[in-house]
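Here is the structure we will look at.
The values are calculated or read from the model by the stated rules, or taken from the named source; none is laboratory data. This structure is a prediction, so every number in the text was calculated from the model and none was measured. Cβ atoms come from the backbone with ideal geometry, glycine included; neighbour counts cover every protein chain shown.
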Ligand code: KIV
């Protein structure tokens with residue numbers, strides 16, 4: 001029998017219930033109205049307005065350059081499309097690190113100006129004060145551990161994190177702390193599957209993985225990657241459901257040809 005329940009609006013509470021009854025949580029990124037509308041209509045549980053918009057939408061090499069104003073712009077476009085999904089917005093680099101008052105201020109701006117439902121922050125014990133202060137304003141917080149792309153210049157590479165025992169132990173500690181601080185869920189990015197499973201079993205909040213195996217409570221992918229719109233990026237964890245890079249390219253080529261050949265517009269396509 002399916003554990004899937006008809007849900008009108010996904011809330012943080014609904015996600016916790018899903019974990020309890022073993023229903024996996026589906027999450028995808030969106031940064032604009034049209035894509036968010038399609039994803040929400042398909043029945044996704046969570047939409048992440050990720051700072052991956054910095055790469056996917058703006059063409060930056062890292063997530064660092066995107067600003068709070070730009071995240072708010074993306075988030076409000078997404079929010080206008082949503083009927084069902086919970087919308088979580090990344091606090092961008094520089095909007096929370098080392099200053100809990102600024103973290104609260106940035107989160108309030110996101111919630112007030114976009115209408116989003118929750119924020120996500122990268123990091124563990126080092127962002128305790130920020131998480132606690134954001135929560136005092138009643139704003140739900142999602143954590144993010146493992147590969148945290150805002151710290152890419154500290155790591156130096158995008159390879160799998162926490163393969164060594166000491167880093168794995170610190171990650172488990174941080175996951176437990178994030179639960180204690182009051183996060184409603186946690187993203188684990190690019191860590192060994194066995195470690196991710198262990199984390200998901202050691203805490204009661206939902207754990208959503210990307211490149212963290214199937215033993216966690218849900219999965220997230222960057223939508224443009226799973227649709228095959230991006231084609232340079234091919235990590236092992238990525239399942240491509242379409243090859244839109246090729247099919248969109250073919251559609252554009254056909255359009256160009258039709259215009260050049262004076263085939264478009266035809267008699268029926270004009271007034
Ligand atoms: O910004 C993003 O898209 C993310 C996901 C990869 C989890 O943080």
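Observations on the structure shown:
- Within segment 24-40, considering residues that are in a helix (DSSP H, G or I) and either touching a helix residue (DSSP H, G or I) at 6+ places or on another chain (Cβ under 6 Å) or more than 26 Å from residue 5 (Cβ to Cβ) (or both), the one nearest to the ligand (Cβ to nearest atom): 36
- Matching option when the condition is more than 17 Å from the chain's Cα centre (by Cα), in the same structural domain as residue 207 (by TED's automatic domain parsing) and not in a helix (DSSP H, G or I), among 8, 101: 8
- Set 82, 110, 66, 72: member being under 24 Å from residue 149 (Cβ atoms), touching a helix residue (DSSP H, G or I) at 6+ places or on another chain (Cβ under 7 Å), at pLDDT 95 or above and not in a helix (DSSP H, G or I): 66
- Any hit, segment 49-62, residues being in a helix (DSSP H, G or I) and more than 14 Å from the ligand (Cβ to nearest atom): no
- Residues that are buried (at least 18 other Cβ atoms within 10 Å of the Cβ) and either touching a helix residue (DSSP H, G or I) at 6+ places or on another chain (Cβ under 7 Å) or not assigned by TED's automatic domain parsing to the domain that holds residue 102 (or both) within segment 52-63 comprise 53, 56, 63, listed in sequence order.
- Filter pass, residue 67 being in contact (Cβ under 8 Å) with a residue 60 or more places away in the chain, over 30 Å from residue 203 (Cα atoms) and surrounded by fewer than 19 Cβ atoms within 10 Å (Cβ to Cβ): no
- Selected residue (criterion: nearest to the ligand (Cβ to nearest atom)) from residues of segment 117-165 that are within 18 Å of residue 192 (Cβ to Cβ) and surrounded by fewer than 16 Cβ atoms within 10 Å (Cβ to Cβ): 158
- For segment 83-95, filtering for residues that are in contact with a strand residue (DSSP E or B) (Cβ under 7 Å, 6 or more places away or on another chain) and within 17 Å of residue 42 (Cβ to Cβ) leaves 3.
- Only one of the numbered conditions (1) away from the ligand (no atom under 16 Å from the Cβ); (2) surrounded by 14 or more Cβ atoms within 10 Å (Cβ to Cβ); (3) under 25 Å from residue 54 (Cα atoms) is not met by residue 185, and that is (1).
- Residue list for segment 213-239, filter: within 14 Å of the ligand (Cβ to nearest atom), out of contact with any helix residue (DSSP H, G or I) (no Cβ under 9 Å at 6 or more places or on another chain) and assigned to a loop (DSSP other than H, G, I, E, B): 237
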